[in-house]
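The block underneath contains the structure these notes are about, expressed in structure tokens.
The values are calculated or read from the model by the stated rules, or taken from the named source; none is laboratory data. For clarity, every value in this text was computed on a predicted model and none was experimentally measured. Here the Cβ positions follow ideal geometry from the backbone for every residue, glycine too, while neighbour counts run over all protein chains shown. Only protein heavy atoms, including side chains, enter the accessible area calculation; ligands, DNA and RNA are left aside. Shrake-Rupley method; radii C 1.70, N 1.55, O 1.52, S 1.80 Å.
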Amino acid sequence: MKKLLAVLLFAVLAACGGHDTKSNDPTAAISKSLVHQADLKAIGVDLDKKRADCIAKGWVKDIGSKKLKKYGVVRTTASGDHLSMSAPDAQTAAGDLGKCVDLKAAMSNVFHTYEALPTEVSDCIVKTARDEDLEFVFVDVFTGQAPALNAMLSNAPTCLGR
């Protein structure tokens, strides 16, 4: 299960490295990158322009384009570097992500795409996970740490019938 979450998180990180050499608008570059991110689509997370714009606008407004460039979210060239935001900015980025995307639906899509767990188990885990728990996973990723999945998976034994 941790592998599935890592795939989702990697896809979001890869999407964050938006680049658009023809535009100086970081919001447009981030949004465009998120919409066209094949890794996200491959795991069943399809961000439309409205959601991608929401994420990008929130990040630029709440974190600022200078910091986003420093963190590598806005680039003029493609890069495989991992993000390493400050803890407060990572919290802000995760909160903005959660305002724009149904994180539970995204996790459900990942579980169903990979069929790593029986449907009733993955549905139970997603249903019992709190939105805050899902956001904390992204905070860890945005700060460059391995995601702490314990809170999200705390009900896994119940879902497995143990």
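Couple of notes before you dig in:
- Residue check, residue 85 modelled with pLDDT of 80 or more and open to solvent by less than 30 Å² (accessible area, probe 1.4 Å): yes
- Residue among 130, 162 that alone is charged (D, E, K, R), at pLDDT below 80 and open to solvent by 70 Å² or more (accessible area, probe 1.4 Å): 162
- Single residue of the range 102-143 satisfying the filter (in a helix (DSSP H, G or I) and basic (Lys, Arg)) that is farthest from residue 55 (Cα to Cα): 127
- Selection of the range 113-127 for residues being at pLDDT below 80 and open to solvent by 80 Å² or more (accessible area, probe 1.4 Å) yields 114, 115.
- Evaluated against (1) over 16 Å from the mean Cα position of the chain (by Cα); (2) among the polar types (S, T, N, Q); (3) at pLDDT 85 or above, residue 154 falls short on exactly one condition, (3).
- Of the helices (runs of 4 or more DSSP H) that lie entirely inside the range 26-75, those containing 1 or more residues that are at pLDDT 90 or above and buried (at least 21 other Cβ atoms within 10 Å of the Cβ) span 26-35, 49-62.
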